[in-house]
Amino acid sequence: MARLEQIARQRLEKLERLRERGIEPYPHSYRRTHTCKEALELFRQVEAGKLSSPPELRLAGRVTAIRFMGKVAFFDLRDGSEKIQLFLTRERLGDSGYELLRQLDIGDIIGVTGSLFRTKTGEVTLDVADFTILCKSLQPLPEKWHGLVDVEKRYRRRYLDLIANQETRSLFAARSRIVSAVREFLVQRGFIEVETPVLQPVAGGALARRFKTHHEALDEELYLRIALELHLKRLVVGGFDKVFEIGRVFRNEGISTKHNPEFTMLEAYEAYADYTDMMRLVEDMVCYVATTVVGSTRAEFGDETIDLSPPWRRWTLREAVKEKSGIDFEDYPNADSLRRRMEEMGMEVDPTKDRGRLVDDLISTFVEPSLVQPTFLVDYPVEMSPLAKRKRGNPGMVERFELFIGGIEIANAFTELNDPLEQRERFRQQQEAQASVGLVGEAETEVIDEDFLLALEYGMPPTGGLGVGIDRLVMVLCGKQSIREVILFPQLKTKGD
């Protein structure tokens, strides 16, 4: 720590020396003609005889390496696109300009003017005629700036991670392209994109613990949304037959390699469709995104190679749970009987969980880890899905699927329940079941959104709904095992002094 403080003090002293010389180390702007990547491509075009060389280039970026060799110096300059080598000489800069280089440090941002040439070692280099200090860095970069490996520091100080690791910059550039490709796909399919409220008086659409806040002007308690569903279905009622939103969702729950308290969801709703249509939609969408961004329908995920080309496996939930756990949940019609059977197997079972959540525990424990290749688990118990329509021919089940890739739940979809009377009754039954085991208030409970039920009474057409976890999709396509790797600023416990 003392050494870092000493380095920071030395940088402050250099800052003062610059200002004593009348140099402003934080100017307002700088007009560059090219990015580093554009400059390198330009030089290749010039060498190929396709373009004439411009008289001079103006580049700007962060200094990432400094090497003095008597009357010449070599710097590495990196901007958001690429790195380029700089060649600086006392002859071209003059004594004053060359000595000014001594006031620069790794991490400083400069602008340079010059022309390109290729060194004897073959590296494209800018012969610098002039330079301008654009930002004096007062903190040293990590010693191995090109390989910051401290995981917590990478997450907590993502800006250092982005400076230090090209792989991180490439990852988040890929994430941006993935989101854009999802959007492009849906727009091409005739969907329109909307925005719905983040602050809600009733946060419904999922079973999750909510974040609560207080609106001073209205003097009302509000919640951060836990799903996009209920407002998007209001829009289907209003006549938007194909609608989607990509937005942040907030759940006041645990943190793990698969969970962050705020995350990005895609939800899409299509009138006159059902869950089989949503299966085809998500198959086509993921295939399109993978081909567009990754260039292939094959993704490396850990030690596995995942084949994303459709069609994907369809497996009924009942068959999957029975095969993997040995339990046929249809033989256990209530929570007590299923809980006893799970305890007989040596499982620790939360006594407050209803039958639906116990089945979910069986899925996560026995089934989910084995679903590496894309798999739809289809047809769920009605207790697990109060917003889904009952399965045709089997009223104890609903038309729902969850998509798993790489052992991770990626998507969830329903044939949406549009009977307002049954919807109200489902909510009531679930609330009663939760209250019977002590789940009330701010706990992970389903809430009744009266305005949503009123909207259903005006009539919602048969509808298929789909939710996709964007962060988890990025994990699969980019081969990352932790959700924190693909969120720029993941939630971390605040560190004390």
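The values are calculated or read from the model by the stated rules, or taken from the named source; none is laboratory data. What you see is a predicted model; the values in this text were computed from it and never measured. So basically every Cβ, Gly included, is an ideal-geometry build from the backbone, and we count neighbours across all protein chains shown. Side chains are part of the model used for accessible areas, which takes the heavy atoms of the whole protein and leaves out ligands, DNA and RNA. Shrake-Rupley method; radii C 1.70, N 1.55, O 1.52, S 1.80 Å.
Assorted remarks:
- Extent of region 296-393 along its three principal axes (Cα atoms, max minus min coordinate, largest first): 47, 34, 21 Å.
- Over the chain, DSSP H runs of length four or greater, each weighted -39,500 (n - 2.57), average out per residue to a 222 nm ellipticity of -10000 deg cm²/dmol.
- Site-free segments of the chain were taken between trypsin sites (Lys or Arg not before Pro) in DSSP loops having at most 13 other Cβ atoms within 10 Å, sites themselves excluded; the longest one is 145-391.
- Relative contact order computed over the chain (Cα-Cα under 8 Å; 6+ residues apart), in percent: 13 percent
- What a 1.4 Å probe finds exposed on the chain is 50% carbon and sulfur by accessible area, rounded to a whole percent.
- Computed label-point distance, nm, for sites THR365 and ARG313 using a 7 Å Cα→Cβ extension: 2.2 nm
- Converting phi to 3J(HN,Hα) with the Karplus coefficients 6.51, -1.76 and 1.60 and the offset θ = phi - 60°, region 381-393 yields x, 4, 5, 7, 9, x, 9, 9, 7, 4, 6, 4, x Hz in sequence order, with x at every glycine or proline.
- Residues in region 362-399 reached by a label modelled at LEU453 [backbone nitrogen below 13 Å; 7 Å Cα→Cβ]: none
- Distance (nanometres) between label positions extended 7 Å along Cα→Cβ at THR213 and GLU82: 4.3 nm
- Each semi-axis of the equivalent ellipsoid for region 42-133 is √(5λ) with λ an eigenvalue of the Cα gyration tensor; in descending order they amount to 22, 14, 12 Å.
- More than 30 Å apart - percent of Cα-Cα pairs taken over the chain: 59 percent
- Cα gyration tensor shape for region 232-326, rounded if a/c is under 1.5, else prolate or oblate: rounded
- Alpha-carbon centroids, region 359-432 and region 62-84: separation in whole Å: 56 Å
- Among ALA48, VAL378, LEU218 the positive-end extreme of the charge dipole of the chain (Cβ point charges): ALA48
- A Förster distance of 41 Å, applied to the separation of the beta-carbon atoms of SER436 and ILE255, puts the FRET efficiency at 0.85.
- Accessible solvent surface per residue of the chain, calculated while the other protein chains remain in place, 1.4 angstrom probe, Å²: 48 Å²
- Distance from region 138-217 to region 269-320 (C-alpha centre basis), Å: 23 Å
- Loop-resident sites, region 209-251, for GluC sites (Glu not before Pro), counting at most 16 other Cβ within 10 Å (DSSP): GLU216
- Relative contact order [Cα under 8 Å, 6+ residues apart], region 274-433, whole percent: 21 percent
- Computed label-point distance, nm, for sites THR119 and LYS493 using a 7 Å Cα→Cβ extension: 4.7 nm
- Whether region 150-226 is rounded, prolate or oblate, judged on the alpha carbon gyration tensor where a/c under 1.5 counts as rounded: oblate
- Only Lys, Arg (+1) and Asp, Glu (-1) charged, at Cβ; the chain dipole about Cα centre in debye: 2420 debye
- From phi via Karplus (6.51, -1.76, 1.60), per-residue ³J(HN,Hα) for region 237-249 in Hz, x at Gly/Pro: 4, x, x, 7, 6, 9, 9, 8, 9, 10, x, 7, 10
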